1. Scan the stretch 128-148 for residues that are in contact with a Leu (Cβ under 7 Å, 6 or more places away or on another chain) and outside any strand (DSSP E or B) and jot them down.
2. Out of curiosity, is Ala311 part of a loop (DSSP other than H, G, I, E, B) and of a type in the set (A, V, I, L, M)?
3. Going by what's in this entry, would Pro202 be described as surrounded by fewer than 16 Cβ atoms within 10 Å (Cβ to Cβ) and either modelled with pLDDT under 90 or not small (Gly, Ala, Ser) (or both)?
4. Among Leu43, Leu90, which is the only one that is touching a helix residue (DSSP H, G or I) at 6+ places or on another chain (Cβ under 8 Å), at negative phi and at pLDDT 75 or above?
5. For the stretch 287-303, give me each residue that is farther than 11 Å from Pro319 by Cα and in contact with a Ser or Thr (Cβ under 9 Å, 6 or more places away or on another chain).
6. Suppose the filter is closer than 30 Å to Ala134 by Cα and either out of contact with any helix residue (DSSP H, G or I) (no Cβ under 6 Å at 6 or more places or on another chain) or surrounded by fewer than 12 Cβ atoms within 10 Å (Cβ to Cβ) (or both); does Ala327 pass it?
7. For the stretch 251-279, which residues satisfy the criterion of being buried (at least 17 other Cβ atoms within 10 Å of the Cβ), under 37 Å from the mean Cα position of the chain (by Cα) and over 12 Å from Phe173 (Cβ atoms)?
8. Among the candidates Gly151, Gly171, which residue alone is without any contact (Cβ under 8 Å) to a residue 12 or more places away in the chain and part of a loop (DSSP other than H, G, I, E, B)?
Amino acid sequence: MTQPSIILSDVNARQSVFHRRAFLLGGGIAAGIAALGGRLGYLQLVENARYAKLSTSNQFNFRLVPPPRGLITDRNGAILATNRPNFRLLYARQKDQDPETVISTLAAYVPMDEARQQRILKDLGNAPRNTPVAIMEDITWEQFSAVSIRGTELPGVTADMGEVRVYPHGGAFAHVIGYVAKVNKEDITETGPNAESIMLHPGFRIGRQGLEKALDLELRGRPGAQKVEVDARGRQVRLAPGGDVPATPGKEVQLSLDMDLQLRGLELFGEESGAAVLMDCRSGDILAMVSAPSFDANRFVRGLSGAEYKALAEYDHKPLFNKALTATYPPGSTFKTLV
C-alpha cells in the first residue's frame, strides 16, 4: 500500500497564507486598540473639563424661584397690595407611581373632598412628569408638619413655603387693582415674556384684572434659581450649598388714589349699588374710584369654588361689575350748563 506523499511546496504555501492572515488580523487588532486608547486619552485628557461640567450638570440642577411681586401703594405710601408667606403642598408625578393612591393617603392628613381630589388628578395628568403641581395653598402649621414628617408615606409630595399675593383692604380696591391668579394654558405663548419656563411654576401668578393685569410685566420681576442635587431620574435629593441665583423683585407702583377717601366712599355706599369717582381738579389725579358693592380679591387669589363664584355672579347688585369704568349712566345736572 502506498503512503501519501507530502509535498513541501504545498505546506509552505499554506503556512505563508496563515502567516499573512495572522499578520493582517494582528495588525487590525493593534490598530483598534491604538484607536481605542487614543480616544480614551482624548476624552480623559483633552475633553476632561467639558465632561466634568456635564457630570456636574447631571448631579445638580437649578429650580426656578418666582420673584416677589411688586408692591402697590397709594399716594401716601399706604400698601394696597403686598405679599405674605404661604405654606403649601406640592406634588410631582413620578414614574411607576400611582397618583390616586398618594392623593388618597394625603387626604387623611389635610382636608380634601372627592371633587378636589379629582381636580388635582386632572391637573397632574396635564402637567409634565417631575413638574410640581400645587395641591393646596395656605395650609396650617399643623398640616405642614404632619406632611413633612411623613415623607416616606407620600413620595413626590413636598411641603414648602412660598409667597402669596394679599390685599390688606379686601374689596375696597378690588375693581381698581384687580387680582392675580394661576397661569392656565391660554396664558402661555410661544414667544415673549409668557413663553418663559417660570410660567409653569406652581407658585407663579399673573394679573387677571385691573392694574395687576395692565402692569403685569412691571410687577412680575425676574425669577431666581435654587441649586439642588438630583438623582438619575431628575428627582430632588437635597439642596446644594452655594450657587443660588437671587430673584429680582417686581417694580413698586404708586397710585394717585387716597386710601382714606376710597375706604370712606365704600363705607358711604354700604350695601347699595353705585359708583363714585373723585378727582383733583388742579392736577387731574384720581383720588378715589369706588364701585359698590365690591368683592374680596383675596378669595380670587386662593381660588373660588364653583358655588362661591356663582353666588357673586348671580347677585343682583353685580359686585363683579366695575360700575366706575364700564357702566353707562345718563348725564346729570352738570350737563345742563352745556345745554
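1. Thr131, Pro132, Ile139, Val147
2. Answer is no for this residue.
3. no
4. The unique qualifying residue is Leu43.
5. Scanning the stretch 287-303 gives a single hit, Leu287.
6. no
7. Val253, Ala275
8. Answer to the check: Gly151.
The values are calculated or read from the model by the stated rules, or taken from the named source; none is laboratory data. None of the values given here were measured: they were computed from a predicted structure. When we count neighbours, we look across all protein chains shown, and the Cβ atoms used for this are built from the backbone with ideal geometry, even at glycine.
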